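Scroll down for the structure; my scribbles are underneath it.
All of the numbers you see were taken from the coordinates with simple rules; none came from a lab. This is a predicted model, so every value here is computed, not measured. Here the Cβ positions follow ideal geometry from the backbone for every residue, glycine too, while neighbour counts run over all protein chains shown.
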Amino acid sequence: MTDHSSMRPNFAEYQVIVAEDEPMATKLAQGALKLMGFRRIFHAADGLKALKLLKELNGDVQLIVSDWNMPEINGLEFLRAVRKTYPNMRFVMLTGNANKDFVIAARQYGVDAYIAKPFTPDQLRQKVETIFRL
């Protein structure tokens with residue numbers, strides 16, 4: 001048997017952007033990420049600020065957790081902009097409205113995972129572990 005624990009990414013060194021305009025959802029996402037070991041968590045209250053933050057960090061971001069419904073530019077537009085420059089950026093979308101059209105649109109733009117709101121820290125952990133193939 002091979003020991004895969006050494007293969008596990010060191011989340012403490014990863015940089016994460018949480019793009020979310022609702023304070024409660026932001027706290028929940030940040031708390032869940034901290035429980036997973038992430039330490040460098042940046043917050044943006046809308047998609048435009050999140051894009052600016054991504055540029056300020058020179059794209060040195062390993063995960064984006066973004067709300068779908070935000071002011072300025074929404075999660076889908078943010079995802080589209082991210083994919084243009086960073087095609088392999090890991091991207092989790094949160095949505096209060098996970099209907100079929102949403103799922104199809106998010107998949108078309110290359111979302112890695114999506115979570116319906118309200119979500120639990122455990123759901124976020126499972127999705128993140130899946131996209132990092134843990």
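Where the only charges are on Cβ atoms (+1 Lys, Arg; -1 Asp, Glu), what is the dipole of the stretch 14-131 about its Cα centre, to the nearest 20 debye? Provide the component values of the computation, followed by the final result.
Numbers: 16 positive and 13 negative charges, 59 e Å.
Its charge dipole is roughly 280 debye.
When you filter the trypsin sites (Lys or Arg not before Pro) in the stretch 56-134 for DSSP loop state and at most 15 other Cβ atoms inside 10 Å of their Cβ, you are left with ARG133. Working from the pairwise distances between different alpha carbons, so that the mean of 1/r is found and then inverted, what is the stretch 14-131's Kirkwood radius in Å? For the stretch 14-131, the Kirkwood estimate is 13.8 Å. For a paramagnetic label modelled at 7 Å from the Cα of LEU57 toward its Cβ, which residues of the stretch 109-134 fall within the zone defined by backbone nitrogen distances under 13 Å? Backbone N within reach: none found. In this structure, ALA116 and ARG8 have a Cβ-Cβ separation that, at R0 = 41 Å, corresponds to a calculated FRET efficiency of about 0.90.
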